[in-house]
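A.B. asks: So that we are looking at the same thing, I have put the structure below in structure tokens.
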Amino acid sequence: MSPAPDDCRFLKACRAEPTDVTPVWFMRQAGRYLPEYRALRQKHSLLELCHTPELAARITLQPVERLGVDAAILFADILLPFEPLGLGLSFAAGEGPHITRPIHEATQVLELPRVEPSTDLAYVMDAVRLAARALPPHVPLIGFAGAPFTLASYAIEGGATRSFTLTKRFMYSEPRAWHELMLRLAELVGAYLAAQARAGARALQLFDSWVGCLAPADYATYVFPHSQRALELARAAGVPVIHFGTDTAVFLPDFARAGGDVIGVDWRIPLDVAWERIGPERAIQGNLDPAALLAPLPELEQRVRDVLDRAAGRAGHIFNLGHGVLPETPVEALQRVVDWVHGG
Ligand code: CP3
């Protein structure tokens, strides 16, 4: 008999309950390393795939079928809310996202339209419903959104950056407008996550991918209250919430205090040290370096075993990478990782 849906490994681990084996899934598991994804991308742009619920749902299922992971993540992008926000979004081949009308003036913040995710992003909810229905009951669907800081950084920079110069200048010189922007983004992503849960997502992840560029004191002042608000709104939907960031080692206790049933950590901190910092009662997700998947298999296995040894079989560990799967990753490497984590 198959277990009741809430008894699946991944959801139990989110609640820090013991599981038969450690659950595993991969950030960016639906993407370019998969030949069946690349085949669809030849015919459609990234935004077309996101905008078409049938295609988004199909891509969501691809890694589940290929890898036997314990959770699926919706195929979408954290920047989709920029379209109803009127910021304009496109993806240039090989260059990443481009925001047509970035926020450079304080006055632009007050002019942003109010977004109602369940209607303005209705196509995402349709994709959630289709994917949730098509998945096997023991593989829950994870809905997601970008965290206020990571979204604000794209809205201000207009695209990818290494230095976050424009973002920090805006934050330091226009603190009132900064907090207004963050407040609006927190309400938006909180409502967006809750709507995905109502449509059938059984867990949610908040991606604060770039928050590690900040000094700990700036995290506390400029980001913490807004992440806390977004996570509180998401949590009210009644499903577990994963709070993920990279380069968060030095302010991990604060990052964890902002909220999340599960804290996602990257490879820049050993898993056991991170777990100590966030508190042993909290669930943790991570933290293999995605580049380890490019190593020869014996090297890779050693690194997988190191992560598992540091978790030491304690309840509440979800195996994942410290950031997304790299496009160069061999499918076989991911398949082997799933086998090792599941005890093979
Ligand atoms: O499998 C999954 O994880 C689900 C799909 C997913 C995508 N983006 C699809 C995508 C998820 C969860 C995201 C989140 C996302 N998007 C984040 C947070 C996670 C992270 O990696 O830090 C961020 C920062 C973005 C913004 C974004 N989207 C960037 C910077 C880029 C370009 C960089 C790149 O990898 O090419 C994207 C494009 C994107 N989003 C792709 C995919 C599969 C690749 C584009 C393509 O197919 O051409």
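A.B. asks: Can you name every residue in region 40-56 that is surrounded by 14 or more Cβ atoms within 10 Å (Cβ to Cβ) and in a loop (DSSP other than H, G, I, E, B)? Please lay out each step first, then the result.
C.D. replies: So the first thing to find is which residues in region 40-56 are surrounded by 14 or more Cβ atoms within 10 Å (Cβ to Cβ), and the list is 40-41, 46-47, 49-53, 55-56.
The one that is surrounded by 14 or more Cβ atoms within 10 Å (Cβ to Cβ) and in a loop (DSSP other than H, G, I, E, B): THR52.
A.B. asks: Any residue in region 221-230 that is more than 13 Å from the chain's Cα centre (by Cα) and either farther than 25 Å from PRO81 by Cα or among the β-branched types (Val, Ile, Thr) (or both)? Walk me through how you get there before you give the answer.
C.D. replies: Narrowing region 221-230 to residues more than 13 Å from the chain's Cα centre (by Cα): 221-230.
Then keep just the ones that are either farther than 25 Å from PRO81 by Cα or among the β-branched types (Val, Ile, Thr) (or both); that gives 221, 223.
Within region 221-230 (the criterion being more than 13 Å from the chain's Cα centre (by Cα) and either farther than 25 Å from PRO81 by Cα or among the β-branched types (Val, Ile, Thr) (or both)), the answer is yes, since at least one residue qualifies.
A.B. asks: Please determine whether any residue of region 279-290 is under 20 Å from ALA220 (Cα atoms) and either within 16 Å of the ligand (Cβ to nearest atom) or surrounded by fewer than 21 Cβ atoms within 10 Å (Cβ to Cβ) (or both).
C.D. replies: Our first condition is that a residue be under 20 Å from ALA220 (Cα atoms); within region 279-290, this holds for 279.
Filter once more, so that each one left must be either within 16 Å of the ligand (Cβ to nearest atom) or surrounded by fewer than 21 Cβ atoms within 10 Å (Cβ to Cβ) (or both): 279.
Checked region 279-290: at least one residue is under 20 Å from ALA220 (Cα atoms) and either within 16 Å of the ligand (Cβ to nearest atom) or surrounded by fewer than 21 Cβ atoms within 10 Å (Cβ to Cβ) (or both).
A.B. asks: Could you please let me know if TYR37 is under 30 Å from ASP339 (Cβ atoms), assigned to a loop (DSSP other than H, G, I, E, B) and either within 12 Å of the ligand (Cβ to nearest atom) or not small (Gly, Ala, Ser) (or both)?
C.D. replies: Details: under 30 Å from ASP339 (Cβ atoms): yes; assigned to a loop (DSSP other than H, G, I, E, B): no; either within 12 Å of the ligand (Cβ to nearest atom) or not small (Gly, Ala, Ser) (or both): yes.
Judged against the criteria, TYR37 is not a match.
A.B. asks: For region 53-81, enumerate the residues that are in contact with a Ser or Thr (Cβ under 6 Å, 6 or more places away or on another chain) and more than 8 Å from the ligand (Cβ to nearest atom). Write out each step before concluding.
C.D. replies: Within region 53-81, the first condition is being in contact with a Ser or Thr (Cβ under 6 Å, 6 or more places away or on another chain), and the residues that meet it are 72, 74-75.
ALA72, the sole residue that qualifies.
A.B. asks: Which of the numbered conditions does PHE26 fail, given that it passes all the others? Conditions: (1) within 13 Å of the ligand (Cβ to nearest atom); (2) not in a loop (DSSP other than H, G, I, E, B).
C.D. replies: (2)
A.B. asks: Count, please, the residues in region 329-344 that happen to be assigned to a helix (DSSP H, G or I) and modelled with pLDDT under 95. Break it down stepwise before answering.
C.D. replies: So in region 329-344, the residues assigned to a helix (DSSP H, G or I) come out as 331-341.
Checking which are modelled with pLDDT under 95 leaves us with none.
Final tally of qualifying residues: 0.
A.B. asks: Quick one: in region 304-328, which of the residues that are of a type in the set (Gly, Ala, Ser) and surrounded by 14 or more Cβ atoms within 10 Å (Cβ to Cβ) is nearest to the chain's Cα centre (by Cα)?
C.D. replies: Narrowing region 304-328 to residues of a type in the set (Gly, Ala, Ser): 311-313, 315-316, 322, 324.
Now drop any that are not surrounded by 14 or more Cβ atoms within 10 Å (Cβ to Cβ), which leaves 311, 315-316, 322, 324.
On the way: ALA311: 21, ALA315: 22, GLY316: 18, GLY322: 11, GLY324: 9 Å.
Filtering first and then ranking leaves GLY324.
A.B. asks: Now a separate question. Go over the candidates PRO113, PRO102, PRO140 one by one and state the one that is buried (at least 20 other Cβ atoms within 10 Å of the Cβ) and either within 11 Å of the ligand (Cβ to nearest atom) or of a type outside the set (A, V, I, L, M, F, W, C) (or both).
C.D. replies: Details: PRO113 fails: buried (at least 20 other Cβ atoms within 10 Å of the Cβ); PRO102 fails: buried (at least 20 other Cβ atoms within 10 Å of the Cβ).
After ruling out the rest, the residue left standing is PRO140.
A.B. asks: Shifting gears a bit: Tell me, which residue of region 243-255 that is of a type in the set (Phe, Trp, Tyr) and in a helix (DSSP H, G or I) is nearest to the ligand (Cβ to nearest atom)? If you could, list the steps in order and put the result at the bottom.
C.D. replies: Of all residues in region 243-255, those of a type in the set (Phe, Trp, Tyr) come to 244, 251, 255.
Filter again for in a helix (DSSP H, G or I), leaving 251, 255.
Details: PHE251: 18, PHE255: 15 Å.
Restricting to residues being of a type in the set (Phe, Trp, Tyr) and in a helix (DSSP H, G or I), the top hit is PHE255.
A.B. asks: Still on this model: Out of all the residues in region 283-296, is one or more farther than 22 Å from ASP70 by Cα and in a helix (DSSP H, G or I)? First the steps, then the outcome.
C.D. replies: Looking only at region 283-296, we keep the residues that are farther than 22 Å from ASP70 by Cα, and these are 294-296.
After this cut, where a residue has to be in a helix (DSSP H, G or I) as well, the list is 294.
The answer is yes; a qualifying residue exists.
A.B. asks: Can you list the helices (runs of 4 or more DSSP H) found entirely within region 145-218 that contain at least 1 residues being charged (D, E, K, R) and closer than 25 Å to ALA134 by Cα? Walk me through how you get there before you give the answer.
C.D. replies: On the way: elements: 148-157, 165-173, 175-199.
In region 145-218, 175-199 are the helices (runs of 4 or more DSSP H) which contain 1 or more residues that are charged (D, E, K, R) and closer than 25 Å to ALA134 by Cα.
A.B. asks: Which numbered condition in (1) closer than 26 Å to VAL307 by Cβ; (2) within 11 Å of the ligand (Cβ to nearest atom) is the only one that CYS50 fails?
C.D. replies: The failed condition is (1).
A.B. asks: Provide a single number: the residues in region 107-123 that are over 30 Å from ARG176 (Cα atoms) and touching a Phe, Trp or Tyr at 6+ places or on another chain (Cβ under 8 Å). If you could, list the steps in order and put the result at the bottom.
C.D. replies: Going through region 107-123, the residues over 30 Å from ARG176 (Cα atoms) turn out to be 122-123.
Checking the rest, the ones that are also touching a Phe, Trp or Tyr at 6+ places or on another chain (Cβ under 8 Å) come to none.
Looking only at that region, the number is 0.
A.B. asks: Just to be sure I understand, how many residues within region 57-76 are over 17 Å from ARG38 (Cβ atoms) and in a loop (DSSP other than H, G, I, E, B)? Even if it seems obvious, please write down each step before you answer.
C.D. replies: Initially, region 57-76 is screened for residues over 17 Å from ARG38 (Cβ atoms), giving 57, 64, 68-74, 76.
Within this subset, residues satisfying the condition of being in a loop (DSSP other than H, G, I, E, B) are 68-71, 74, 76.
Here the count works out to 6.
A.B. asks: Among the residues of region 1-34, count how many are in contact (Cβ under 8 Å) with a residue 12 or more places away in the chain and either of a type in the set (Phe, Trp, Tyr) or over 30 Å from ARG282 (Cβ atoms) (or both).
C.D. replies: 6
A.B. asks: Show the residue pairs meeting these rules: Cβ distance below 6 Å; 6+ apart or different chains; first residue within region 83-103 and under 17 Å from HIS44 (Cβ atoms) and outside any loop (DSSP other than H, G, I, E, B); second residue of a type in the set (Asp, Glu) and within 15 Å of the ligand (Cβ to nearest atom).
C.D. replies: That search, which allows pairs on different chains as well, returns LEU89/GLU83.
A.B. asks: Oh, and also: From the list ALA258, ALA236, ALA215, ALA220, pick out the single residue that is of a type outside the set (S, T, N, Q), more than 16 Å from the ligand (Cβ to nearest atom), in contact (Cβ under 8 Å) with a residue 40 or more places away in the chain and farther than 23 Å from PHE26 by Cα. Spell out the reasoning first.
C.D. replies: Numbers: ALA258 fails: in contact (Cβ under 8 Å) with a residue 40 or more places away in the chain; ALA215 fails: in contact (Cβ under 8 Å) with a residue 40 or more places away in the chain; ALA220 fails: in contact (Cβ under 8 Å) with a residue 40 or more places away in the chain.
Result of the check over ALA258, ALA236, ALA215, ALA220: ALA236.
A.B. asks: Kindly indicate whether any position in region 298-318 is in a loop (DSSP other than H, G, I, E, B) and within 14 Å of ASP266 (Cβ to Cβ).
C.D. replies: Our first condition is that a residue be in a loop (DSSP other than H, G, I, E, B); within region 298-318, this holds for 312-316.
Adding the requirement that they be within 14 Å of ASP266 (Cβ to Cβ) leaves none.
The answer is no; no qualifying residue exists.
The values are calculated or read from the model by the stated rules, or taken from the named source; none is laboratory data. Owing to the predicted nature of the structure, the values given are computational and were not obtained by experimental measurement. So basically every Cβ, Gly included, is an ideal-geometry build from the backbone, and we count neighbours across all protein chains shown.
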